[in-house]
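Colleague: Dumping the structure here so I can ask a few things about it.
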Amino acid sequence: MKKSIVVLVVIFAATVLLSGCATLYPIGSMYVNMKLPGNMGDGKDVTYTKVGKAQGFSIFSMIAMGDASLEKAIQNGGLKTVKYSDYHVNNFLGIYGTYTTTAYGD
């Protein structure tokens, strides 16, 4: 019984440590708390009156759910025009992570 528990722990650890993902953004294997740039309009007028957010989450780097799309953020904010957007990632040891897209506009 003890041996099978050790084997399961080793398999789980190997899965977490050896699973990789390709990304354009920096990844911290222990902790991530970053605000990243999103899309930008023409850059002439960045004033806004409304903000919309959309969020997804992950658990144990194995299950990810939610809708963090720009489209959902626009819907949630009731935006007609989008001036710019940004993206925020918060993840601790791959145990729990949140991924938030924020749209700014009118």
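Where a number appears in this text, it was derived from the coordinates with a stated rule and is not lab data. Remember, it's a predicted structure, so these values are computed and weren't measured experimentally. Here the Cβ is made from the backbone with ideal geometry for all residues, glycine too, and neighbour counts use every protein chain on show.
Colleague: Look at region 36-95 and say how many of its residues are polar (S, T, N, Q), under 30 Å from Ile11 (Cα atoms) and assigned to a loop (DSSP other than H, G, I, E, B).
Modeller: 1
Colleague: Filtering region 51-103 down to residues that are buried (at least 17 other Cβ atoms within 10 Å of the Cβ) and charged (D, E, K, R), which residue is farthest from Val32 (Cα to Cα)?
Modeller: Lys83
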